[in-house]
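Okay, structure first, notes after.
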Amino acid sequence: MNSGIEILYEDNHVIVAVKPPNMLSQGDITGDRSILDELKEYVRVKYNKAGEAYLGLVHRLDRPVGGLMVFARTSKAAARLSLELREHRLGREYLAVVEGETPEKFLFEDELIKDEKTNIVRVAQGGKAAQLSGETIAVQNGLSLVYIKLGTGRGHQIRVQLAHHGYPLVGDARYGLGGTGIALFGAVLRFTHPVKKEVLVFSASPKAPAFDGFREAVQSFLKGVRDGKAVSL
């Protein structure tokens, strides 16, 4: 694979990989290659599969956003991981750099409506409930490094809610001011293995330029995750 995808874990049941920014999670009308396409081909070649290899997409990341994803190598694993996702037991946690100084801890609860024609999501009454919690890790030069945990999984949710509350993501061309790559990354992934029943925790470091000024704080946070330190959210 020459697509920039990094595989962190692999067995007969799941694959955990890091999606590069600006790669689709799955194919769409653009016809551009997705991480799902790339990993299916990887499995087909590595395991000498006849025809297209099975690989189940459990969850998605917006195209501009990089980060950790888990894929199911069997239909049984896909069903069990999808149940974890629906029951909010599959933990997807993010690091972001935003404009402004965020509170030490925050909880945003809004309603979101999506315009299907423009693919723009906005906060409006009558929409779908959206909840996220956050914690500020570091602040410098008018920017904040924040850790975010989702209570719901709405499309564009983090980007829309943060912008709505006055903290747009650095580099977000759709909901912020734009720039050199969106400063949002799926940095931590937690789930129970669908067969072994072990709780697995993975972490990865964001590479977007907006994170450069916070590298020490990012690495300290991720070290805490790897060392098993409890996150307060």
Residue selected from region 42-77 under the condition assigned to a helix (DSSP H, G or I) and touching a residue at least 24 places away in the same chain (Cβ under 8 Å), by the criterion surrounded by the most Cβ atoms within 10 Å (Cβ to Cβ): A77
Out of A208, A217, A183, which single residue is crowded, with 20+ Cβ neighbours inside 10 Å, in contact (Cβ under 8 Å) with a residue 60 or more places away in the chain and in contact with a Leu (Cβ under 7 Å, 6 or more places away or on another chain)? A183
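For the subset of region 179-233 comprising residues that are assigned to a loop (DSSP other than H, G, I, E, B) and β-branched (V, I, T), which member is modelled with the lowest pLDDT? Can you show your working first?
Step one: of region 179-233, the residues assigned to a loop (DSSP other than H, G, I, E, B) are 179-183, 193-198, 204-208, 227-233.
Right, trim to β-branched (V, I, T) and you get 180, 182, 195, 231.
On the way: T180: 75, I182: 93, V195: 96, V231: 53.
Result: V231.
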What residue, of V65, V18, V70, is touching an Asp or Glu at 6+ places or on another chain (Cβ under 7 Å), within 30 Å of G179 (Cα to Cα) and of a type in the set (V, I, T)? V18
Taking region 110-133 and keeping only residues that are surrounded by 11 or more Cβ atoms within 10 Å (Cβ to Cβ), of a type in the set (K, R) and out of contact with any Gly (no Cβ under 8 Å at 6 or more places or on another chain), one is left with R122, K128
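Search region 88-108 for residues being surrounded by fewer than 14 Cβ atoms within 10 Å (Cβ to Cβ) and out of contact with any helix residue (DSSP H, G or I) (no Cβ under 9 Å at 6 or more places or on another chain), and hand back the single one that is modelled with the lowest pLDDT. Reasoning before the result, please.
Let us first name the residues in region 88-108 that are surrounded by fewer than 14 Cβ atoms within 10 Å (Cβ to Cβ), namely 88-89, 100-101, 103-105, 107.
Then keep just the ones that are out of contact with any helix residue (DSSP H, G or I) (no Cβ under 9 Å at 6 or more places or on another chain); that gives 88, 100-101, 103-105, 107.
Details: H88: 87, G100: 96, E101: 97, P103: 96, E104: 96, K105: 96, L107: 97.
Ranking the qualifying residues of region 88-108, first place goes to H88.
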Counting only residues that are out of contact with any helix residue (DSSP H, G or I) (no Cβ under 8 Å at 6 or more places or on another chain) and not aliphatic (A, V, I, L, M), how many does region 173-187 have? 2
Please list, ordered by first then second residue, the pairs with beta carbon atoms under 9 Å, 6 or more apart or interchain, first in region 147-160 and farther than 10 Å from R92 by Cα, second of a type in the set (S, T, N, Q) and part of a loop (DSSP other than H, G, I, E, B). G155/N119; H156/N119
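The values are calculated or read from the model by the stated rules, or taken from the named source; none is laboratory data. Computed from a prediction, not measured in an experiment: that's the story for all the values here. Methodologically, a virtual Cβ is constructed for each residue, glycine included, from the backbone with ideal geometry; neighbour enumeration extends over all protein chains shown.
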